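Quick notes on the structure that follows.
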Amino acid sequence: MSSKPKNKVSPNSQQRELIPLVGIGASAGGLEAFSQLLSHLPIDTGMGFILVQHLDPNQKSLLSEILSRTTQMPVHEVEDGMVVEPNQVYVIPPNQIMTISQGVLHLTTRPKIPKIMMSIDQFFLSLAAERGNKAIGVILSGGDADGSLGLEAIKASGGITFAQSESSAQVNNMPNTAIAMGHIDFILPPGEIAEKLASISRHPYVASSVTNRASTESLEVSDVLSKIFRLLQVATGVDFTSYKHTTIKRRISRRMALYRLEKIDDYLHYLQGNDAELQALYQDILINVTNFFRDASAFEALKEKVFPSLLRNRPADSTIRIWVAGCSTGEEAYSIAICLLEFLAHHPYKPPIQIFATDVNEIAIEKARLGIYQPNQIIDVNPSRRERFFTVVEGGYQINKSVRELCIFARQNLICDPPFSRLDLISCRNVFIYFGTSLQKKVLSMFNYGLVPRGFLMLGTSETVGEFPELFSSIDRKNKIYSKQQNPIGLNLELKQDIYPMDTSSSKPTVTRRSINELELQSLADQIILQQYAPVGVVIDAQLEILQFRGQTGAYLEPSPGRASLNLLNMVKEELRMELRTAIQQAQQNGQAVQKEGIFLREKNSLNTPESFKSRQIRLNVIPFKWTATNQDYFLVLFEDLPNLGTIETESKSNRRHRSKPKQSSGEQEQIRLLQEELRSTKAYLQSIIFEQQSTNQDLRVANEEILSSNEELQSTNEELQTAKEEIQATNEELSTINDELYRRNAFSTEISNDLQNLLGNINIPILMLESDLRIRRFTATAAHLFNLIPTDIGRSFGDIKHNLNIANLEKHISDVINTLNLYHQEVQDLEGHWYDLWIRPYRTLDNRIDGAVIVLVDIDTLKYSAEQVKIARDYAEAIVETVRQSLIVLTKDFQIVKANQVFYDTFDISPSETQDRQFFELNNGQWNIPRLRLLLEELLIEHTEIQNFKIEHDFENVGRRIILLNARIMPPLEGRELILLALENIT
């Protein structure tokens, strides 16, 4: 341990280059995880390590003393004002809250009042603000949610994040919560975290500011950046060209560091064809740290200046409309809703409230809709608000339903999607910091258009509209609240943006895609008709829009009154509509052809008299097919007349009164039978409608919110563009396809189950699953050999099986794991001497119930053999070194002695303790500090030359005058270190 803390910051230390800092947080089970991580860390990473452990505030901590035994790095218990140095470890003391500023650790005593204490989050937040991309956060074993918000801040500032894997953590709640938040880069055991930290420490992104600048300069190649933007737009539909390029470059540099790539061309190659990495980069660019009531003074300003103005002279039934643009995971929208409800509680009337919250990130929108937050995410919400507006649920707190129903969440791209209109307030905080100037002006113009004449705009604390005073005037400079200027402006909306065009070159005549598509589509439809049918019909797409007419369809289709439409259900005659809709739905669901017969189409006869009608019996065929060019579903709908039953004559009442009741003709009986069949078909259709309604109700709230948002956007666009009317109709018709969602999800679930079954059947690792009574549940093919199993052994007791492992009491170890839930690990051999790494873990069901054990054996025979060979080689090399008659010394590039042989100690009468880890030029009071020798060694490092037969005559302190012949050369790198070998021959 360090004996003296560094309590003052010297000017030199403030001006030094910032070193990477690793914040490591843990709670229950943290000691073991800390020890494993530090024991695997090299001592020369150049990083500083700060450990934040949940400690008993009333007990003295021995954590620093215990950890000092696991690493050669100095371990300090932090004192207030201590400066962080590289390659050293700092441990938080008990009953303290720790932060960092300008490289100095600051301590404050924990308050005595009961309060949620998130000491890890507080340190991580300060670390993110202090170091930016040189901040690294690690969450290890623990039993609460502390640290997850801090890791989000570290990742948002450009840092790198780690979490301990579930299998290696004694208590996994804390790392699992951080993983569930979606801001973890690496999930590893502590030992592998240490290896990854050592690897990252040498990457230019975190190593030094000089190399980092060089890495940033390499991103200036606009051609490469434009290709990355193009890949992102194709994958996500978002064009980042107008975003600030410095922000994008930092995010790209961070992703490059994760994969140890130093050239952006290599990263571009890695992105191509890697959809997962494209999505990861997309999420990195969009990451935004937010929390409830961020900048509390801004929300007080809303209550004092904005809300009173909105209610002044306002009709009681006029809805207050608010738009939160870039809402992230919903904290901002819910905070505004809570503030408005608190303000209206003291107002005589309560107008309706409608809050539109949008973001381009679909994942964030889904979290916002749920409104469920971890305890550390609502730490800034005071107890009275927490009690009034939140409900305790499993895993945290949920916004009350009354507040959630005020907020409509929807995905929206500010760059190209139409805005909302007739808005009283727009909140767009910490979004403009990512936009370029031209994009800011475009969005501000959109906001000006969407606001009512007395509307307000609220921006983030570091944002302004200073360059565009013609749009907004400031009413609160500190909290960045603006009012709309009354100057009318036009709104130029780009509703659709084309993806970057692909470069094509060809000497052949060009044919338009539309003409090719129509030819192929017509040919495919012709083949189906020629093979099976020859009636008239139409080709429709999945939205029931008619693409082609086949033959004369006037007997079955006719234009509907009103707006022109090619929708099949709008054009088909009313008697066919219900049966046709049912047939198409069945074809969509089953993917098979559907035929409907016995459908009567009644028409007036040629005399056009009301007493007589002509009936035609119709057969419908709906044939689904897929077009390979677009991989979309299409349907061929065919109409065919069946043999006519004749004309049914109606008689007058007077004729029927004087006529005797005749016997029913065969035609009438056939008509009755067909009507009964039509009734059964109608009942089946109604039953299917009921089933679809039940399925749709599960997603009703989300669907309604999306419809409301779409309708608002379409209404706003309609004021500028007449063509937006078609989009409203298209949006409403999308409701008919919602029932397909459940079917697709079930198919996806089945596919996942099949994938898991195939994975277990083909994995090349011995795995044996046992039930709680030690009966065999399942095993892999490679486990059959080790345990002498055959397929019929499933269900047998494990005790009846004679296995091939050389281990005693295996059944007892398995029972102990099931009863205690503690993992069991041991290296074992089979009867043939082959080595395995044995792991026994509890078998957990989906409802977290223990129902047996899982035995996994990892083949480590090659590793064992390699370790033995390495030891033999090391012993052999050391024996040679000790046998050589010359004095040998191994130095680092800083001329620090790593090792010397016994001949050196005997020749110069010096002990190993006085030699190892000492500076070569400081030995024996600097007797080796010979200027010519120092110059030669420095040139050796720079020019990678050799020193041969350099003659030294010197009076050595202990042995007198000696004549030494010196040879030196650079050794091959060892463990990433550059070493120098000196050979000294005494020729006195």
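The values are calculated or read from the model by the stated rules, or taken from the named source; none is laboratory data. Keep in mind that this is a model prediction, so the values were computed, not measured. For neighbour counting, all protein chains shown are included, and Cβ atoms are generated from backbone atoms with ideal geometry for every residue, glycine included. Note: accessible area is taken over every heavy atom of the protein model, side chains too, but ligands, DNA and RNA are not part of it. Shrake-Rupley method; radii C 1.70, N 1.55, O 1.52, S 1.80 Å.
Against the test of being more than 20 Å from F49 (Cβ to Cβ), touching a helix residue (DSSP H, G or I) at 6+ places or on another chain (Cβ under 9 Å) and open to solvent by 20 Å² or more (accessible area, probe 1.4 Å), the options E195, E166 yield a single qualifying residue, E166.
For the stretch 741-759, a tally of residues being without any contact (Cβ under 8 Å) to a residue 12 or more places away in the chain and acidic (D, E) returns 2.
Within the stretch 766-781, the set of residues being over 14 Å from L810 (Cβ atoms) and open to solvent by less than 40 Å² (accessible area, probe 1.4 Å) comprises I767, M769, T780. Restricting attention to the stretch 121-163, the residues that are within 22 Å of T45 (Cα to Cα) and either surrounded by 23 or more Cβ atoms within 10 Å (Cβ to Cβ) or among the β-branched types (V, I, T) (or both) total 20. Within the stretch 841-878, restricting attention to residues that are small (G, A, S) and modelled with pLDDT under 75, the residue that is farthest from the chain's Cα centre (by Cα) is A877. Looking at the stretch 328-345, I want the residues that are over 21 Å from E362 (Cα atoms) and have a partner that is open to solvent by 10 Å² or more (accessible area, probe 1.4 Å) and of a type in the set (D, E, K, R) with Cβ atoms under 7 Å, at least 6 apart or on another chain. Which pairs are those? Short answer, once both residue conditions are applied: I338/R385; C339/K303; F343/K303; L344/K350. Counting only strands (runs of 3 or more DSSP E) that sit completely within the stretch 822-934, those holding 3 or more residues that are exposed (fewer than 14 other Cβ atoms within 10 Å of the Cβ) correspond to 824-829.
On the stretch given as the stretch 48-66, residues that are closer than 18 Å to S119 by Cβ, of a type outside the set (S, T, N, Q) and either assigned to a loop (DSSP other than H, G, I, E, B) or at pLDDT 90 or above (or both) total 9.
Would the stretch 597-610 turn up any residue that is aliphatic (A, V, I, L, M), surrounded by 14 or more Cβ atoms within 10 Å (Cβ to Cβ) and at pLDDT 85 or above? No, because not a single residue in the stretch 597-610 is aliphatic (A, V, I, L, M), surrounded by 14 or more Cβ atoms within 10 Å (Cβ to Cβ) and at pLDDT 85 or above. Is there a residue being hydroxyl-bearing (S, T, Y), closer than 16 Å to N479 by Cβ and open to solvent by less than 30 Å² (accessible area, probe 1.4 Å) anywhere in the stretch 314-328? Within the stretch 314-328 (the criterion being hydroxyl-bearing (S, T, Y), closer than 16 Å to N479 by Cβ and open to solvent by less than 30 Å² (accessible area, probe 1.4 Å)), the answer is no, since none of the residues qualifies.
A quick yes/no check of all residues on (1) within 21 Å of R131 (Cα to Cα); (2) open to solvent by less than 20 Å² (accessible area, probe 1.4 Å):
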residue	(1), (2)
I19	yes, no
I24	yes, yes
A28	no, no
H40	no, no
G46	yes, no
F49	yes, yes
K60	no, no
I66	no, no
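Select, from I818, I860, I840, I855, the only residue that is β-branched (V, I, T), touching a residue at least 12 places away in the same chain (Cβ under 8 Å) and in contact with a helix residue (DSSP H, G or I) (Cβ under 6 Å, 6 or more places away or on another chain).
Details: I818 fails: in contact with a helix residue (DSSP H, G or I) (Cβ under 6 Å, 6 or more places away or on another chain); I860 fails: in contact with a helix residue (DSSP H, G or I) (Cβ under 6 Å, 6 or more places away or on another chain); I855 fails: in contact with a helix residue (DSSP H, G or I) (Cβ under 6 Å, 6 or more places away or on another chain).
Answer to the selection: I840.
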